[in-house]
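Enquirer: Take a look at this one; I'll ask things after.
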Amino acid sequence: MASTSDPLLSFLTSRRGDLRRIADRTCGEHTVEDMAAEAWLVAEDISRKRGLAVDFLNIDDQALVLS
């Protein structure tokens, strides 16, 4: 995992390959950066629905955001 004090940045760095795969499946419609922004929005939505913030350092929460 990336060594940083920012959990979101750590998530984005360590899961860049996953974000790239998702972006590639859009056939050029979206970039990795678009997917990073979308991951943040998805995490906010998850947090709001479950009443608990997404822990970007937690592997289960990471998988949830990417699913």
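The values are calculated or read from the model by the stated rules, or taken from the named source; none is laboratory data. This one's a predicted model, so the numbers in the text were calculated from it and none came from an experiment. Because the Cβ atoms are built from the backbone with ideal geometry, glycine has one as well, and the counts that use them run over all protein chains shown. For the accessible areas, the whole protein counts, side chains as well, though only heavy atoms, and no ligand, DNA or RNA atoms are used. Shrake-Rupley method; radii C 1.70, N 1.55, O 1.52, S 1.80 Å.
Enquirer: Across the range 28-67, what is the number of residues that are open to solvent by 40 Å² or more (accessible area, probe 1.4 Å), free of Cβ contacts under 8 Å to residues at least 24 places away in the same chain and either part of a helix (DSSP H, G or I) or in contact with a Gly (Cβ under 8 Å, 6 or more places away or on another chain) (or both)?
Expert: So the answer is 15.
Enquirer: While we're looking at this one, here's another question. Among the residues of the range 36-53, what is the count of those that are among the hydrophobic types (A, V, I, L, M, F, W, C) and farther than 14 Å from L9 by Cβ?
Expert: 5
Enquirer: Tell me yes or no: at least one residue of the range 53-61 is in contact with a Ser or Thr (Cβ under 9 Å, 6 or more places away or on another chain) and acidic (D, E).
Expert: No, the range 53-61 contains no residue that is in contact with a Ser or Thr (Cβ under 9 Å, 6 or more places away or on another chain) and acidic (D, E).
Enquirer: Going through R21, R16, R25 one at a time, which residue ends up being over 13 Å from the mean Cα position of the chain (by Cα), open to solvent by 100 Å² or more (accessible area, probe 1.4 Å) and basic (K, R)?
Expert: R25
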